[in-house]
Amino acid sequence: QVQLVESGGGLVQPGGSLTLSCAASRSIFSISAMGWYRQAPGKERELVARITRGGSTNYADSVKGRFTISRDNAKNTLYLQMNSLKPEDTAVYYCRADMTTLYYWGRGTQVTVSS
């Protein structure tokens, strides 16, 4: 079991940057994969980026080249660096840990991109 707490969301202008953090309550070294998901109003939750224990990453086409996912096992923290933000990136962003048979979710952090 693991508890996840996201932070770093906020209001940013188009073209701006934000870095999201996801702090885990235990070591993430053995967690097979972790990811960032987002849900905009009226839409389904979607994968943004995912990173495996071995460091392999995959991204949604809509964020490739703009977002970077990383994990710091020493700090038990997952990050999402978001650059060149667009209004369509506005959503609640959630962190997820993929354990052997279960997924664990954080409560989310709001990101709003608006001028």
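The values are calculated or read from the model by the stated rules, or taken from the named source; none is laboratory data. Fair warning: this is a prediction, and the values are worked out from it, not measured in the lab. With ideal geometry, Cβ positions are generated from the backbone for all residues, glycine too; neighbour counts draw on all protein chains shown. Side chains are part of the model used for accessible areas, which takes the heavy atoms of the whole protein and leaves out ligands, DNA and RNA. Shrake-Rupley method; radii C 1.70, N 1.55, O 1.52, S 1.80 Å.
When you go through (1) within 20 Å of Glu88 (Cα to Cα); (2) crowded, with 16+ Cβ neighbours inside 10 Å; (3) not hydrophobic (A, V, I, L, M, F, W, C) one by one for Gln13, which number turns out not to apply? Looking at each condition in turn, Gln13 falls short on (2).
If you go through the range 74-92 one residue at a time, do you hit one that is assigned to a strand (DSSP E or B) and β-branched (Val, Ile, Thr)? Full working, then the answer.
As a first pass, look at the range 74-92 and keep what is assigned to a strand (DSSP E or B): 77-82, 91-92.
Checking which are β-branched (Val, Ile, Thr) leaves us with 77, 92.
Yes, the range 74-92 contains a residue that is assigned to a strand (DSSP E or B) and β-branched (Val, Ile, Thr).
Please work out which residue is surrounded by the most Cβ atoms within 10 Å (Cβ to Cβ), limiting yourself to the range 98-115 and to residues that are among the β-branched types (Val, Ile, Thr) and modelled with pLDDT under 95. So the residue we want is Thr100. Can you spot a residue in the range 41-60 that is modelled with pLDDT of 95 or more, polar (S, T, N, Q), part of a loop (DSSP other than H, G, I, E, B) and open to solvent by 60 Å² or more (accessible area, probe 1.4 Å)? Within the range 41-60, one or more residues are modelled with pLDDT of 95 or more, polar (S, T, N, Q), part of a loop (DSSP other than H, G, I, E, B) and open to solvent by 60 Å² or more (accessible area, probe 1.4 Å).
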